[in-house]
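One structure is given below, encoded as C-alpha cells.
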Amino acid sequence: MCVGLLRRQFNNRTDNRRNMAESDSELRQGGGGPEIGESQMPLILSFVADWPNIVTLFGLCCGVLAIFFALHQNYPAAIISILWAVTFDWYDGVVARALPDRSAQHRSIGAHMDSLVDLVTSAVGPAILLLSITDFNAWAYPGALAIIMAGVLRLAYFDVFGVDSNGTYAGITIDNSPIVVSMVFFLESFINHNGFVAILYTAIVVMAFLHVAPFRTPKVGNVFYYIFTAYVVAATGGYAYILATQ
C-alpha cells in the first residue's frame with residue numbers, strides 16, 4: 001500500500017512538472033507551435049520598438065527618478081516623479097488595448113515588463129521614501145521591507161492568477177501605494193516631523209497588508225482613469241509650488 005501511494009505521488013509530481021514545462025515552453029514561444037531555434041530568437045531590443053513597452057519604460061524612468069530624488073531628500077520632486085510613474089503604468093495598458101494586433105510575444109514581454117516596473121515604482125519607491133525621510137534609521141527597515149515583500153508576492157500572484165471570471169482580483173493593486181504616499185506627504189508641512197513619519201510608516205504598512213489581503217477588488221472603470229489623471233495633474237502643480245517656495 002505504501003509503495004503504491006509513493007508511486008502515485010511520484011507520478012502526480014512528474015505530471016505536474018511536465019505540465020509546468022509545457023506551459024513555460026508555450027510562454028517562451030508566445031503560444032503553441034514548434035520550438036524556436038536559436039537563430040529565430042528575437043532580439044531583446046526589438047521589444048522596445050513597441051508603443052505600450054515604450055510607455056512602460058517611461059514609467060520606469062520616472063520611478064528611478066523618484067528614487068534618485070528621495071535619496072537626495074528632495075521629496076516634492078520625488079512625489080511628482082512617482083505619480084507620473086504610476087500614470088505611465090496605467091496608460092501603457094490603455095495603449096496596449098488600442099493595439100490589438102500586437103504579437104503574442106510582445107504581449108507576454110510587455111506583461112512581464114509591467115510587473116517588474118511596478119515593483120520598482122510602487123514598492124521600492126515608497127520604501128526608499130520611508131527610509132530617506134527617517135535618515136535610514138534601523139526602525140524604518142521593517143516597514144520598507146514589508147512594502148517590497150508585499151509587492152513581490154502580489155505581482156507574482158497576479159502574474160499567475162490574474163483577474164477571475166467576475167473581473168475581480170485579490171487585494172488592492174500595488175500602484176495604489178504611491179497615490180496614498182503622495183497624499184500623506186501633503187501633511188509634511190502641517191505637523192511635526194515625528195508625527196508625519198509615524199503617519200507615513202503606518203500608511204505604508206497598511207498598504208502592504210492590503211496588497212496581499214484575501215478580499216476581492218473589482219477592476220476600476222474608465223472614469224477612474226480621468227479622476228486619477230486629474231489628481232496627478234493637480235498634485236504635480238501643488239508639489240511644484242512647494243518645490244518652488246522651499
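The values are calculated or read from the model by the stated rules, or taken from the named source; none is laboratory data. This is a predicted model, so every value here is computed, not measured. All Cβ positions, even for glycine, are placed from backbone atoms using ideal geometry, and neighbour counts span all protein chains on display.
Only one of the numbered conditions (1) out of contact with any strand residue (DSSP E or B) (no Cβ under 8 Å at 6 or more places or on another chain); (2) part of a loop (DSSP other than H, G, I, E, B) is not met by Ala213, and that is (1).
The residue of the stretch 59-114 that is nearest to Phe228 (Cα to Cα), among those that are among the small types (Gly, Ala, Ser) and at pLDDT 95 or above, is Ala85. Within the stretch 96-120, residues that are touching a residue at least 24 places away in the same chain (Cβ under 8 Å) have Cβ atoms under 8 Å from residues that are part of a loop (DSSP other than H, G, I, E, B) and of a type in the set (A, V, I, L, M, F, W, C) in these pairs: Asp118/Ile174; Leu119/Ile174, counting only partners at least 6 apart in sequence or on another chain. Can you spot a residue in the stretch 155-169 that is under 25 Å from Tyr75 (Cα atoms) and either at pLDDT below 95 or of a type in the set (Gly, Ala, Ser) (or both)? Among the residues of the stretch 155-169, not one is under 25 Å from Tyr75 (Cα atoms) and either at pLDDT below 95 or of a type in the set (Gly, Ala, Ser) (or both), which makes the answer no.
Select from the stretch 149-195 the residues that are in contact with a strand residue (DSSP E or B) (Cβ under 9 Å, 6 or more places away or on another chain) and assigned to a helix (DSSP H, G or I) and write down the one among them that is surrounded by the fewest Cβ atoms within 10 Å (Cβ to Cβ). Even if it seems obvious, please write down each step before you answer.
Keep residues of the stretch 149-195 that are in contact with a strand residue (DSSP E or B) (Cβ under 9 Å, 6 or more places away or on another chain), which gives 154, 157-158, 161-164, 166-173.
With the extra rule that they be assigned to a helix (DSSP H, G or I), the set shrinks to 154, 157-158, 161.
Details: Arg154: 26, Tyr157: 15, Phe158: 19, Phe161: 10.
Looking at the filtered set, the residue picked out is Phe161.
Test Arg107 against the criterion of being buried (at least 20 other Cβ atoms within 10 Å of the Cβ), among the basic types (Lys, Arg), in contact with a helix residue (DSSP H, G or I) (Cβ under 9 Å, 6 or more places away or on another chain) and part of a helix (DSSP H, G or I), and give yes or no. Walk me through it before giving the result.
Details: buried (at least 20 other Cβ atoms within 10 Å of the Cβ): no; among the basic types (Lys, Arg): yes; in contact with a helix residue (DSSP H, G or I) (Cβ under 9 Å, 6 or more places away or on another chain): yes; part of a helix (DSSP H, G or I): yes.
When the stated conditions are applied, Arg107 does not pass them.
Would you say Gly93 is in contact (Cβ under 8 Å) with a residue 24 or more places away in the chain, under 17 Å from the mean Cα position of the chain (by Cα), under 21 Å from Leu210 (Cα atoms) and not in a loop (DSSP other than H, G, I, E, B)? Taking the combined requirement at face value, the residue does not satisfy it. When you look at Ala123, is it touching a Gly at 6+ places or on another chain (Cβ under 6 Å), of a type in the set (A, V, I, L, M, F, W, C) and surrounded by 15 or more Cβ atoms within 10 Å (Cβ to Cβ), yes or no? It is true that Ala123 is touching a Gly at 6+ places or on another chain (Cβ under 6 Å), of a type in the set (A, V, I, L, M, F, W, C) and surrounded by 15 or more Cβ atoms within 10 Å (Cβ to Cβ).
Residue by residue, here is whether (1) over 10 Å from the mean Cα position of the chain (by Cα); (2) under 16 Å from Leu65 (Cα atoms) holds:
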{"site": "Gly110", "(1), (2)": "yes, no"}
{"site": "Val120", "(1), (2)": "no, yes"}
{"site": "Pro126", "(1), (2)": "yes, yes"}
{"site": "Thr134", "(1), (2)": "yes, no"}
{"site": "Ala146", "(1), (2)": "yes, no"}
{"site": "Met149", "(1), (2)": "yes, no"}
{"site": "Leu153", "(1), (2)": "yes, no"}
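Does any residue of the stretch 16-28 turn out to be at negative phi, loosely packed, with under 10 Cβ neighbours inside 10 Å and either modelled with pLDDT under 60 or out of contact with any helix residue (DSSP H, G or I) (no Cβ under 9 Å at 6 or more places or on another chain) (or both)?
As a first pass, look at the stretch 16-28 and keep what is at negative phi: 16-28.
Going one step further and asking which of them are loosely packed, with under 10 Cβ neighbours inside 10 Å, we end up with none.
No, the stretch 16-28 has no match at all.
Of all residues in the stretch 226-246, those that are of a type outside the set (Gly, Ala, Ser) have Cβ atoms under 7 Å from Cβ atoms of residues that are modelled with pLDDT under 95, 6 or more apart or on another chain, in Phe228/Trp90.
Within the stretch 197-224, if we keep just the residues that are touching a residue at least 12 places away in the same chain (Cβ under 8 Å) and farther than 18 Å from Arg154 by Cα, the residue that is surrounded by the most Cβ atoms within 10 Å (Cβ to Cβ) turns out to be Leu200.
Based on what the data block shows, is His112 more than 25 Å from Tyr241 (Cβ to Cβ) and surrounded by fewer than 19 Cβ atoms within 10 Å (Cβ to Cβ)? It is true that His112 is more than 25 Å from Tyr241 (Cβ to Cβ) and surrounded by fewer than 19 Cβ atoms within 10 Å (Cβ to Cβ).
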